[in-house]
Amino acid sequence: MSGALTDVRADRLTVAFGDNVVLRNLELHIAPGEFVALLGRSGSGKTTLLRVLAGLQTHSSGELHVPAARSVVFQEARLLPWKRVIDNVAIGLREPDARERAAAALREVGLEHRRDAWPATLSGGEAQRAGLARAIVREPHFLLLDEPFASIDALTRLRMYDLVIGLWRRHGPSVLLVTHDVDEALILADRIVILDAGRIAANLRVGLPRPRDAAIPGFAHVRRTILTLLGVSPADSPFTDGTDARAPHAISSGVSP
Amino acid sequence: MKAVLNITAPSAAQHARGPRIPAIGWGWARNVVSPLALVVLWQLGSASGVIPASKLAAPVAIVRAFWSLTLSGALWNDLVVSVARVALGASIGVALGVVLALAVGLWKSNDVIVDPVLQMLRTLPYLGMTPLLILWFGIGEAPKIALVAFASMFPVYLTLLGGIRAVDPKLLEAARIFGLTRWETIRDVILPGSLAPALVGLRYALGAAWLSLVVGEQINADRGIGYLIMDARDFLRTDVIMVGLLLYAILGLATDAIVRALEARALVWRPRAAAEAR
């Protein structure tokens, strides 16, 4: 992969809807193969940034370089309900071996046994696996994940993290994960970009060793730093008793720092 | 999962059909008690002379008329003629409705040109157009078929167009991301996505087709179920009139059942159907 072709680079990127400036003079660079998580509260512009990078929306000004080979996993799997799982994965593929490749992708995400199922019969986790297979079968240089685990139960989510890391390792795309879950960002990403009011508020390299989970040393510390950057200081949180800096996320996943 | 919720939206029509009747048990028996009682009362009324045969034939007389018309072949001949009229008229109407809905739904420019005209025509009471159709097409087969075609076009046009416009924009976006061409998007996303409402429209269309045939066949017909009825009226044969009306009802139900069977096959992917077909 040559850097110039597979880099993701935004220079002074601005997106405005009329008078409403959603992203202003944003600078973002994602190196080939890098896994970046984009954190921000609702309305920070993270969805808009993802849509611009995915090519679903045009920017108002600034420079944007994105690899042509890119793919998206949406928050809702967006499978075509009238196509069986395998045909959803193979959709838009022009190669004569499209179905074989789709079957291989389904094998990779552990969904081979559901290849002929209708999407309406899939569980939330299965639907997202199909969504991942559909994205990965295109061998993207740039993979965009738009809160793909937001509506999946906590246990399934942990398995999905391993799956995503495995796919990323094997296929090596640059990844941009949009999420509002700090733990998720910390478990998955090389770097965390915090977006606030259309600007990048912070850029943090996550130096934690892999594989990660919330129990590894340093995790709680980094999470506290990020929550503070997001404006959730321990004292603000109704979930803390003063001695414990647990964020709501940590509580919901049942992990104590 | 919002995407799946959106998909269930077209099946609202299915919900409107009400709860499923259990396949086993005697639940159905409950539903035939009162109609059966009515028929018995009717028969008693006819036999005792309370209901004169010149106003309404007795149920037994209707069955007898049905049998003799069947034996003579008259019933079959008229039935074939009527079915052929509906088949031809509804084919023309449904085809026109589909073509127009696709033209308006898929090309924005047609929206401004075609849709207002059709919306205007739609408000015309089509059964009232009969005199005009006679002036245009004479008194042969043509005005009858034109009336059926006109009646069956609008339900299909409206529901298919509504379906095309209601296709989930999120799926269209996904189609863009995964590199579908315009034609592939129409074939794989827009058309399947609007099939459920279009099939509901087809059921309405066929209902309207039979209704307009009833009216159309009263114009100077010399064959068909309508002719059977008009001819019987001249001879005060209320039993034959009732046979004709029952035939219309049975044919209407039969066409509806055909579309519903088609629906069940074509929409097997819908959440409820898919869960059952697992």
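Residues in the stretch B:16-30: is at least one farther than 30 Å from A:P148 by Cβ, exposed (fewer than 14 other Cβ atoms within 10 Å of the Cβ) and modelled with pLDDT of 80 or more?
Yes; the residues of the stretch B:16-30 include at least one that is farther than 30 Å from A:P148 by Cβ, exposed (fewer than 14 other Cβ atoms within 10 Å of the Cβ) and modelled with pLDDT of 80 or more.
Of all helices (runs of 4 or more DSSP H) completely enclosed by the stretch B:100-193, which ones contain at least 3 residues that are exposed (fewer than 15 other Cβ atoms within 10 Å of the Cβ) and either more than 14 Å from chain A (Cβ to nearest Cβ) or among the aliphatic types (A, V, I, L, M) (or both)?
Details: elements: B:108-122, B:130-137, B:141-165, B:169-177, B:182-185.
The helices (runs of 4 or more DSSP H) meeting that bar are B:108-122, B:130-137.
Picking from B:R270, B:R260, which residue would you name as being crowded, with 21+ Cβ neighbours inside 10 Å, touching a helix residue (DSSP H, G or I) at 6+ places or on another chain (Cβ under 8 Å) and more than 28 Å from B:V60 (Cβ to Cβ)?
Numbers: B:R260 fails: crowded, with 21+ Cβ neighbours inside 10 Å.
So the residue among B:R270, B:R260 that is crowded, with 21+ Cβ neighbours inside 10 Å, touching a helix residue (DSSP H, G or I) at 6+ places or on another chain (Cβ under 8 Å) and more than 28 Å from B:V60 (Cβ to Cβ) is B:R270.
More than 12 Å from chain B (Cβ to nearest Cβ) and under 13 Å from the mean Cα position of the chain (by Cα): which single residue out of A:L49, A:L26 fits that description?
Working: A:L26 fails: under 13 Å from the mean Cα position of the chain (by Cα).
A:L49 is the lone residue from the list that is more than 12 Å from chain B (Cβ to nearest Cβ) and under 13 Å from the mean Cα position of the chain (by Cα).
Select from the stretch A:125-178 the residues that are within 12 Å of chain B (Cβ to nearest Cβ), in a helix (DSSP H, G or I) and among the polar types (S, T, N, Q) and list them in ascending order.
Within the stretch A:125-178, just A:Q128 meets the criteria.
Can you tell me which of (1) touching a residue at least 12 places away in the same chain (Cβ under 8 Å); (2) farther than 30 Å from B:A198 by Cα is the one B:G105 doesn't meet?
Just one mismatch for B:G105, condition (2).
Restricting to the stretch A:200-219, name every residue that is over 30 Å from A:V22 (Cβ atoms) and either in contact (Cβ under 8 Å) with a residue 60 or more places away in the chain or in contact with a helix residue (DSSP H, G or I) (Cβ under 8 Å, 6 or more places away or on another chain) (or both).
From the stretch A:200-219, those over 30 Å from A:V22 (Cβ atoms) are A:207-219; that's our starting set.
Passing the criteria: A:L208, A:R210, A:P211, A:R212, A:D213, A:A214, A:F219.
Does A:P81 qualify as being in contact (Cβ under 8 Å) with a residue 12 or more places away in the chain, part of a loop (DSSP other than H, G, I, E, B) and at the interface with chain B (Cβ under 9 Å from one of its Cβ atoms)?
Working: in contact (Cβ under 8 Å) with a residue 12 or more places away in the chain: yes; part of a loop (DSSP other than H, G, I, E, B): yes; at the interface with chain B (Cβ under 9 Å from one of its Cβ atoms): yes.
So A:P81 passes the test.
State yes or no: is A:D190 acidic (D, E), under 19 Å from the mean Cα position of the chain (by Cα) and at pLDDT 90 or above?
Details: acidic (D, E): yes; under 19 Å from the mean Cα position of the chain (by Cα): yes; at pLDDT 90 or above: yes.
Taking the combined requirement at face value, the residue satisfies it.
List, please: which pairs have Cβ atoms under 8 Å, are six or more places apart or on different chains, and start with a residue in the stretch A:97-113 that is under 13 Å from A:R138 (Cβ atoms) and end with one that is in a helix (DSSP H, G or I) and among the acidic types (D, E)?
A:A102/A:D87
Could you pull out the residue among B:A209, B:A249, B:A232 that is without any contact (Cβ under 8 Å) to a residue 60 or more places away in the chain and crowded, with 18+ Cβ neighbours inside 10 Å?
Values: B:A209 fails: without any contact (Cβ under 8 Å) to a residue 60 or more places away in the chain; B:A249 fails: crowded, with 18+ Cβ neighbours inside 10 Å.
Going through B:A209, B:A249, B:A232 in turn, the sole match is B:A232.
From the list A:V15, A:V36, A:V22, which residue is in a strand (DSSP E or B), at pLDDT 90 or above and out of contact with any Leu (no Cβ under 8 Å at 6 or more places or on another chain)?
A:V22
One residue is enough: does the stretch B:223-236 have a residue meeting the conditions under 18 Å from B:I62 (Cβ atoms) and not in a helix (DSSP H, G or I)?
Looking through the stretch B:223-236, at least one residue is under 18 Å from B:I62 (Cβ atoms) and not in a helix (DSSP H, G or I).
If I ask for residues that are closer than 13 Å to A:L145 by Cβ and β-branched (V, I, T), which ones from the stretch A:46-62 would you list?
Matches in the stretch A:46-62: A:T47 only.
Would you mind stating whether B:L213 is under 26 Å from B:F137 (Cα atoms) and in a helix (DSSP H, G or I)?
Details: under 26 Å from B:F137 (Cα atoms): yes; in a helix (DSSP H, G or I): yes.
The answer is yes for B:L213.
Take A:A185 and decide whether it is at pLDDT below 90 and crowded, with 18+ Cβ neighbours inside 10 Å. Steps first, answer last, please.
Details: at pLDDT below 90: no; crowded, with 18+ Cβ neighbours inside 10 Å: yes.
Here the answer is no, as A:A185 does not meet what is asked.
Identify all residues within the stretch A:40-72 that are over 28 Å from A:L93 (Cβ atoms) and among the charged types (D, E, K, R); write none if there are none. Can you show your working first?
From the stretch A:40-72, those over 28 Å from A:L93 (Cβ atoms) are A:40-46, A:48, A:59-63; that's our starting set.
A:R41, A:K46, A:E63, listed by residue number.
The values are calculated or read from the model by the stated rules, or taken from the named source; none is laboratory data. None of these values were measured; they are calculated from a predicted model. No Cβ is skipped: glycine too gets one built from the backbone with ideal geometry, and neighbour counts run over all protein chains shown.
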